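A short worksheet on the structure shown next.
The values are calculated or read from the model by the stated rules, or taken from the named source; none is laboratory data. Here the structure is a predicted model, which is why all the values come from computation and not from measurement. Positions of Cβ are generated from backbone atoms using ideal geometry, with glycine treated the same way; all protein chains shown enter the neighbour counts. Areas reflect the complete protein model, heavy atoms only, side chains present, ligands, DNA and RNA absent. Shrake-Rupley method; radii C 1.70, N 1.55, O 1.52, S 1.80 Å.
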Amino acid sequence: WLPYIVTNYIRGLRPQSVFEWGGGESTVFFIKFPGVFRLVSIEHNQDWYDKIRREVVVLSLPSLQYHYIPFEQGEIGPDKANPAHYKSGSTQLGDVNFKAYASAIDDYGLFDLILIDGMARASCLYHAFNHVAPGGCIVLDNTGDRPYYLEQTAHLFGNYESGWERIDFMGYGPILDYKWQTTIFINKRKKDYE
């Protein structure tokens, strides 16, 4: 689901609370991950949601919240790089938007780790920005082959002095026989208890 180098990096972070857009093997990974006590997962595809739901029910993490939030009919705007348009890069979906899907995180507080590996990623990144706990991070997959994710959102993170650090990882992962890039934004502000 991510390059192996990123999976290993996440293991080192030891997040206790995780929010993810795009349920799947990552959901199973986080349920089995020692220390995760809160997991919120958002999925847009009904068939995939049902398949993963059957898998995760067996694993039973009491604090798992797994939600199906489909796209909505009607295009808000045509630009997949503009987070206010809630547009996916998928050309198969037609005139739809992912506003409810991308803004679902606004119903929750802060998270140690936010994984963006679903639809309308520029919009998800925009909404994720204010939900990263001090010391936490956002993991955004496929930034190398889809640079439009960051065209109109990278400015949110400023530079190192702004309290955010950006790390780009390139590597091999499961299933695929090529390397791809994943970007991690780390909120460098200290936790209150440190």
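How high is the FRET efficiency from GLU161 to TRP48, r the C-beta distance, R0 41 Å, rounded to 0.05? If you can, show how the numbers build up before the last one.
Values: r = 41 Å, r/R0 = 0.99.
E(calc), rounded to 0.05, equals 0.50.
Starting from the amide H of ARG189, placed 1.01 Å from N in the peptide plane, find each other amide H under 5 Å away whose residue is 5 or more places distant or on another chain.
It is GLY135, by chain and number.
Quick one: grab the alpha carbon gyration tensor of the stretch 118-181, order the square roots of its eigenvalues as a ≥ b ≥ c, and give me rounded if a/c is under 1.5, else prolate or oblate depending on whether a/b is larger than b/c.
On the way: a/c = 1.88, a/b = 1.61, b/c = 1.17.
Here the stretch 118-181 falls in the prolate category.
Using θ = phi - 60° and the Karplus curve 6.51 cos²θ - 1.76 cosθ + 1.60, what whole-Hz ³J(HN,Hα) does each residue of the stretch 99-105 get, with Gly and Pro shown as x?
3J(HN,Hα) across the stretch 99-105, in whole Hz: 5, 5, 5, 5, 8, 4, 5.
Could you list which residues have their amide H under 5 Å from that of TYR66, counting only those 5 or more apart in sequence or on another chain, with H placed in the peptide plane?
Residues meeting the amide H criterion: SER41.
Could you pull out every residue, at least 5 positions away or on a different chain, whose amide H is within less than 5 Å of the one on PHE111? Hs are placed 1.01 Å off N in the peptide plane, and Pro or chain starts have none.
Excluding prolines and chain starts, which carry no amide H, the hits are VAL132, ALA133.
All other residues with a Cβ under 15 Å from the Cβ of PRO147 taken together, and with Lys, Arg as +1 and Asp, Glu as -1, what is their net charge? Let's see the in-between values first.
On the way: positive: LYS80, ARG121, ARG146, ARG166; negative: ASP79, ASP141, ASP145, GLU151, ASP168.
Counting the neighbours of PRO147, the net charge comes to -1.
Give a residue-ordered list of calculated ³J(HN,Hα) values for the stretch 130-140 (Karplus: 6.51 cos²θ - 1.76 cosθ + 1.60, θ = phi - 60°; whole Hz; x for Gly, Pro).
8, 10, 9, 5, x, x, x, 8, 10, 10, 10
So in the chain, what percent of DSSP beta bridges are antiparallel if you round to the nearest 5? Present the calculation step by step, with values, prior to reporting the outcome.
Numbers: 15 of 34 bridges.
Antiparallel bridges make up about 45 percent of those DSSP assigns within the chain.
Please report the equivalent ellipsoid semi-axes of the chain, computed as sqrt(5 x eigenvalue) of the Cα gyration tensor, largest first, in whole Å.
Ellipsoid half-lengths, sorted descending, are 23, 21, 17 Å.
Report in % the part of the accessible area of the stretch 48-164 that belongs to carbon and sulfur, leaving out ligands and nucleic acids; probe 1.4 Å. It would help to have the intermediate numbers written out before the result.
Values: 2760 of 5500 Å².
Looking at the stretch 48-164 in its full context, I get 50 percent from C and S.
Using the Karplus curve 6.51 cos²θ - 1.76 cosθ + 1.60 with θ = phi - 60°, what ³J(HN,Hα) values do you get for each residue of the stretch 61-72, in whole Hz, with x for Gly and Pro?
Karplus-based 3J(HN,Hα) across the stretch 61-72 equals 9, x, 8, 6, 10, 10, 10, 9, 10, x, 5, 10 Hz.
Could you check the spin-label model distance between LEU110 and ASP95? Points 7 Å from the Cα along Cα→Cβ, value in nm.
4.3 nm
In the neighborhood of GLY173, defined by Cβ-to-Cβ distances under 12 Å, what is the net charge if each Lys or Arg adds +1 and each Asp or Glu adds -1? Numbers along the way, then the final one.
Numbers: positive: LYS179; negative: GLU25, ASP117, ASP141, ASP177.
Once all neighbours under 12 Å are counted, the net charge is -3.
Whole number in Å², please: accessible area per residue of the chain, 1.4 Å probe, ligands, DNA and RNA not counted.
Values: 9590 Å² over 194 residues.
In whole numbers, the chain has 49 Å² accessible per residue.
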